[in-house]
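Just so you know, all these numbers are worked out from the coordinates, no wet-lab data involved. Values in this document were obtained by computation on a predicted structure and should not be read as measured data. Please note: Cβ atoms are built from the backbone with ideal geometry, for glycine as well, and neighbour counts cover all protein chains shown.
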Amino acid sequence: MRHPIDAAIMFTALWVLASMTLDILTPKELTAVMIGEAIAPAMLLAALLYVLRYPLVDFTIMFATLWLVSTMVIEWVSPAQLSPLMIVGAFGPALIVGSWLHFWPKIRKIAAERSETVETPPGQLGTKPP
């Protein structure tokens, strides 16, 4: 069972870690506090979706979308121009989720076809009985 306190602690730790990591990667004018305020609503919503037990596919799509929105907010509140690599960081999770959704059914189909053609040897876990 997912306890709300556990989810709150986990997502708070992820929020602080993300804020501090982005603080290192961004210009000095953009502080960890500004970044934390920008990504806090997305982390709160992601924690709520996690506690409400959304299916994995739906949760990953929503988390990637929230991350993209958070990076747009960071760009908006930043007093200095950010690196073009921020675009890669913004679209990276969405690209990974999209690739996973595109290729996962094909991978599962290939694995199922291979498992049907392979004969299982006698015994448990493919070992021969003594």
List the residues of segment 1-34 whose backbone N lies under 15 Å from a point placed 7 Å from the Cα of A80 along the Cα-to-Cβ direction.
22-34
Expected unfolding gain across A94-R2 under the 0.36 nm per residue rule, minus the alpha-carbon gap, is 30.6 nm
Determine which residues of segment 73-94 fall in the zone a paramagnetic label at K28 would reach in this model, i.e. backbone nitrogen under 18 Å from the point 7 Å along Cα→Cβ.
78-83
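Give me the Kirkwood hydrodynamic radius of the chain in Å, from all C-alpha pairs, to one decimal place? The partial results should precede the final answer.
On the way: mean 1/r = 0.0567 Å⁻¹.
With all distinct Cα pairs of the chain included, I get 17.6 Å.
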